[in-house]
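Where a number appears in this text, it was derived from the coordinates with a stated rule and is not lab data. As the structure is a computational prediction, the values presented were derived from the model and not from experiment. Quick reminder, even Gly has a Cβ in these numbers, built from the backbone with ideal geometry, and neighbours come from all protein chains shown.
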Amino acid sequence: MFSTDRTNEWFKVFTDSYKTEGILHPMLDLKLKHSKRVSEICSEIADSMGWNENGDNWMAHTAGLLHDVGRFPQYSKYGTFFDSISVDHGDLGAEILSKEFNWDGIPDNFRENVISAVMFHNKKLVPTDIKLGAYKWSCLVRDSDKIDIYRMVEERIDKGTIFEMLPRHQLTEGLSPDLVEEIRMTGSGSYSNARSLQDYRLIQLTWGCD
């Protein structure tokens with residue numbers, strides 16, 4: 001019933017469908033590798049928290065691996081990862097999984113938890129009015145995603161390739177007054193208000209207070 005191999009196979013078939021002449025676009029390959037790392041982080045955190053009831057290992061692995069499935073059609077259609085000028089990749093990913101993933105033998109509550117985690121992992125706040133299980137797994141994926149994003153950003157800054165990942169942020173320097181005011185008022189920032197690399201890094205700093 002809970003087969004991580006089946007999850008891996010579905011993910012491989014799905015991502016392979018976005019290859020051109022057998023090769024993924026470098027930005028999609030970035031997301032492929034990121035998804036695998038987030039899955040590993042989810043599993044490690046879940047294990048450290050003692051989340052080892054029946055199906056928990058599958059849940060951590062699957063929700064982490066599939067959290068960014070919306071990125072593949074997003075980038076293929078719009079050529080960007082910026083949700084504000086294209087499509088919400090969390091919502092798109094949830095829609096894809098609800099229609100296309102192989103849910104045979106998976107209980108409804110597990111299905112709901114995975115879809116919720118994918119839908120809400122990229123939101124500023126996880127809704128508090130959803131079921132406890134959905135909230136728990138959404139928070140796990142959201143935090144695991146941010147942990148690997150920290151790593152990716154640091155690595156690319158060190159290598160001088162950060163603007164390959166964040167091309168829009170190369171055009172402006174300094175902090176956006178709108179972003180600073182948003183953070184002052186709410187404690188968190190929106191990517192839509194981020195204009196520079198400094199803005200992006202400031203948003204990352206607020207994650208520590210999330």
Please enumerate the residues belonging to segment 134-162 that are touching a residue at least 24 places away in the same chain (Cβ under 8 Å) and among the aromatic types (Phe, Trp, Tyr).
TRP137, TYR150
Restricted to segment 70-96 and to residues being in a loop (DSSP other than H, G, I, E, B) and not charged (D, E, K, R), the residue nearest to SER196 (Cα to Cα) is PHE82
Need the failing condition index for ASP47 against (1) in contact (Cβ under 8 Å) with a residue 40 or more places away in the chain; (2) over 13 Å from the mean Cα position of the chain (by Cα); (3) not in a loop (DSSP other than H, G, I, E, B), just the number.
(1)
Do we find that LYS99 is assigned to a helix (DSSP H, G or I) and closer than 22 Å to HIS169 by Cβ in this structure?
no
Members of segment 132-176 found to be exposed (fewer than 12 other Cβ atoms within 10 Å of the Cβ) and within 30 Å of PRO107 (Cα to Cα), listed by number:
LEU132
Give ASP108, ASP148, ASP210, ASP178 a once-over and let me know the one that is within 20 Å of ASP56 (Cα to Cα), out of contact with any strand residue (DSSP E or B) (no Cβ under 6 Å at 6 or more places or on another chain) and not aromatic (Phe, Trp, Tyr).
ASP108
Quick one: ASP108 ticks every box in (1) surrounded by fewer than 13 Cβ atoms within 10 Å (Cβ to Cβ); (2) closer than 21 Å to ASP68 by Cβ bar one, so which box is it?
(2)
